[in-house]
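Below is one structure, written out as structure tokens; the observations come after it.
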Amino acid sequence: MKAELLFYIGGLALLDTLSPALIGVTLYLMIQENRRFGSRLMIYVVTVMFLYLVLGCLLMVGLELLQAIFTSFFQHKVVSWALLIVGGILFTGSFWVKPKAGGRKKYRVPRSTGFKGLLVMGISTFLLEAGTALPYYTAVSLMITEGIPITGWILILIGYNLIMITPPLVIYVLHTWLGSRIQGIVEKLQRKLEEQSGSVLSWMMCIAGLVLIFSVLDYI
């Protein structure tokens, strides 16, 4: 496994940490469940991480099965050119994405913060973010192109998702140390991410596109 590939995927995972939904729900739990914040947060982030892991595994297995239909040479060229075109589209499209003007984006969260309510929060976050998880899909595409064995890509997916859920864990640690003083800082960060959601998506598209382009140039 190339160190360069791990560097690319690690960078993509860092991009995926910029999730207003994850930070928003974490802040909600911090306010509503001050004494049980840690246990409630763990149920929530584990749910999100598990769903993303399942999605990644399904994508890896499904796309590898599709690749097996072709001969190795034809498959290699088709995948490389397809990724190059997708990368070009993402890179070009990133310049057309503009920051959204207007009010803040609303996240609906259940009133209940019991086990079922937290599962609903995790599933809702996954459904909300999965459709625009361009860095995650890019990472999967890179692993398929490199032909990484199953043990390798499972470990990479686990590592990717651990990085992705870092912000809620950092917020929890800061809350443990600083108490309610961290709330104002997190609220400002959440507002910034929501106000600049278009810019964040633009940067994600641009970087994901460049990673795809440069990663397949040697195979074309």
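Sketch the reach of a paramagnetic label on L169 as a point 7 Å from Cα along Cα-to-Cβ, and name the residues of segment 12-33 whose backbone nitrogen lies under 14 Å away. Residues 14, 17 fall inside that zone.
Label-to-label distance for F115 and I31 is 2.8 nm, based on points extended 7 Å past Cα in the beta-carbon direction. Among Y8, Y44, the order of accessible area from largest down is Y8, Y44, computed with a 1.4 Å probe on protein heavy atoms.
The values are calculated or read from the model by the stated rules, or taken from the named source; none is laboratory data. Predicted model, so just to flag it, every value in this text is computed and none were measured. Here Cβ is always computed from backbone atoms with ideal geometry, including for glycine, and neighbour counts include all displayed protein chains. Surface areas here come from the heavy atoms of the whole protein model, side chains and all, with no ligands, DNA or RNA. Shrake-Rupley method; radii C 1.70, N 1.55, O 1.52, S 1.80 Å.
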